[in-house]
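Input: a single structure, listed below in structure tokens.
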Amino acid sequence: YIDLGEVVVLNPRTVAAVIYRWTPSEGLSCSDCRNPGALPLRTTQWVLSATTSDGCTRSDSLTVWVREHRRVYVPNVFHPGDTGGENSVFFVSAGREVSKINYLRVYSRWGELVFSGSDALPNAPNQGWDGSWKGENVGTGIFVWQAEVQFIDGVQTRYTGDVLLIR
């Protein structure tokens, strides 16, 4: 078993061959080498055909099971202006199975949109909300957020919550 987004090297026990052929080729770093790197987006069975120098061919299969862990973390408190802290910007953190943050929106308690970002990378504080609105710092309060996360396997999931901004 591997986690979604994890790469594994396929390491079959075979006789010395001169020709290797992996099928399907999707998710493999190469389909004609002995030990390809595999990044499967779902549980996948690969078949290896190995041909020796005297023309004998043997085939066998290998299944890599993928656990679809979808690790997304959005803090519930942040402190803009905390120069020594890692919690001075509000942004989405995620595991390697996330390809991008389609959007992150933050609303005041009155429903005003105070921040909107799109097509951001996960784990990128420079693409998050710094606690300002219309060029001014907002005061301490609770804000509502929405985010849509794109995973490497094409799944898009929406998340919502609230965050306490502390000054």
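Odds and ends about this structure:
- Of the solvent-accessible surface of the chain, computed with a 1.4 Å probe and all protein chains present, 48% belongs to carbon and sulfur.
- Peptides 7-16, 146-155 ranked from most to least packed, by the mean per-residue count of other Cβ atoms within 10 Å: 146-155, 7-16.
- Highest average packing first - 158-164, 94-100, 124-130, 19-25, Cβ atoms within 10 Å: 94-100, 124-130, 19-25, 158-164
- Prolate/oblate/rounded label for segment 50-90 (Cα gyration tensor, a/c 1.5): prolate
- Shape class for segment 71-131: oblate, because the ratio a/c of the largest to smallest gyration tensor axis (alpha-carbon atoms, square roots of eigenvalues) is 1.5 or more and b/c is at least a/b.
- Placing a label point 7 Å from the Cα of residue 15 along the Cα-to-Cβ direction, the residues of segment 48-68 whose backbone N falls under 17 Å of that point are 48-61.
- Three-way shape label, the chain, alpha-carbon gyration tensor, a/c 1.5: prolate
- Solvent exposure of segment 73-127, expressed per residue, is 56 Å² of accessible area, with all protein chains present and a 1.4 angstrom probe.
The values are calculated or read from the model by the stated rules, or taken from the named source; none is laboratory data. Predicted, not measured: the structure shown is a model, and the values here were computed from it. Note that we place each Cβ from the backbone using ideal geometry, even for glycine, and neighbour counts take in every protein chain shown. Only protein heavy atoms, including side chains, enter the accessible area calculation; ligands, DNA and RNA are left aside. Shrake-Rupley method; radii C 1.70, N 1.55, O 1.52, S 1.80 Å.
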